[in-house]
Amino acid sequence: DQQVKQNSPSLSVQEGRISILNCDYTNSMFDYFLWYKKYPAEGPTFLISISSIKDKNEDGRFTVFLNKSAKHLSLHIVPSQPGDSAVYFCAATGTYKYIFGTGTRLKVLA
Amino acid sequence: NAGVTQTPKFQVLKTGQSMTLQCAQDMNHNSMYWYRQDPGMGLRLIYYSASEGTTDKGEVPNGYNVSRLNKREFSLRLESAAPSQTSVYFCASKTGPGNTIYFGEGSWLTVV
């Protein structure tokens with residue numbers, strides 16, 4: 001029973017355009033959500049997070065949106081750059097346990 | 001600033017052998033985690049330790065044991081390795097509830 005789902009294994013976007021990565025969750029006890037970026041042969045690195053009391057959080061080119069009623073969050077990257085090409089994981093937590101999705105491989109085409 | 005350090009980085013084991021993956025963090029974090037990453041499966045939580053002296057099972061604990069040796073160190077042990085445990089293992093840590101978790105560089109384990 002997967003509590004955090006990323007239904008798109010991969011996404012290709014032209015440089016300069018918007019990348020939208022999606023994530024769904026099932027556990028209504030989750031109250032904090034995060035996005036991580038992962039390059040090959042490296043550990044995941046934190047990108048941006050959002051608390052359940054908010055519906056939007058921005059950090060430079062990255063914005064995370066949270067729709068609690070739909071149990072859905074999304075990561076927007078604008079404008080997309082070739083260096084953004086990586087695997088992106090969403091994660092959710094309600095206490096000490098952090099549950100991750102299966103990841104979306106983003107490829108930004110120059 | 002080392003952050004989260006894992007050893008070894010690479011290991012090849014024969015089926016049935018045992019080994020321990022070591023993890024240490026220098027950020028004075030309370031909570032520590034072990035995840036495994038497999039193709040198409042994402043990052044799955046094996047065990048975690050909310051604070052020194054406590055450990056709890058995650059999503060995929062079977063075949064593993066852990067020890068929270070002190071606040072800095074959290075080890076993962078495979079008592080009798082199986083090919084299904086071939087994976088990349090990541091250790092992580094964080095301060096308190098609701099905060100960011102920080103990952104190590106990973107340990108590549110192959111069981112033949």
Any idea how many Lys pairs in the protein assembly as shown come in under 13 angstrom at the alpha carbon, given 8 or more places apart or on separate chains?
8
Most mobile of A:Lys71, A:Lys97, A:Lys38 per a Gaussian network model of chain A (Cα springs, under 10 Å)?
A:Lys97
May I have the pair-distance distribution P(r) for the protein assembly as shown, computed from all Cα-Cα distances with 5 Å bins from 0 and rounded to whole percent?
1, 7, 15, 19, 19, 16, 12, 7, 3, 1, 0
Sort out for me the Cα centre separation of the stretch B:1-31 from the stretch B:51-112, rounded to whole Å.
8
Grab the alpha carbons of the stretch A:24-85, take their convex hull, and tell me the volume per residue in Å³.
97
Can you work out D for chain A in µm² s⁻¹ from Stokes-Einstein, where Rh is the Kirkwood radius over C-alpha pairs, the temperature is 25 °C and the viscosity is 0.890 mPa s?
176
Of all accessible surface on the protein assembly as shown at a 1.4 Å probe, what whole percent is carbon and sulfur?
49
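For the stretch B:19-112, with every protein chain kept in place, what is the accessible area per residue (1.4 Å probe, Å²)? Please list the in-between numbers first.
Details: 3730 Å² over 94 residues.
That works out to 40 Å² per residue.
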Rank B:Ser93, B:Ser31, B:Ser18 by mean-square fluctuation in a GNM of chain B with C-alpha springs under 10 angstrom and give only the top-ranked residue.
B:Ser18
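Roughly how large is the B-A contact in terms of buried accessible area, totalled over both chains, probe 1.4 Å, nearest 100 Å²?
Chains B and A together bury approximately 1800 Å².
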At 0.890 mPa s and 25 °C, plugging the Kirkwood radius over alpha-carbon pairs of chain B into Stokes-Einstein gives what diffusion coefficient in µm²/s?
177
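The values are calculated or read from the model by the stated rules, or taken from the named source; none is laboratory data. Note that the coordinates shown come from a computational prediction; the quantities given were computed from them, not determined experimentally. Ligands, DNA and RNA are stripped out before the accessible areas are found, and what is left, the full protein with its side chains, is counted by its heavy atoms. Shrake-Rupley method; radii C 1.70, N 1.55, O 1.52, S 1.80 Å.
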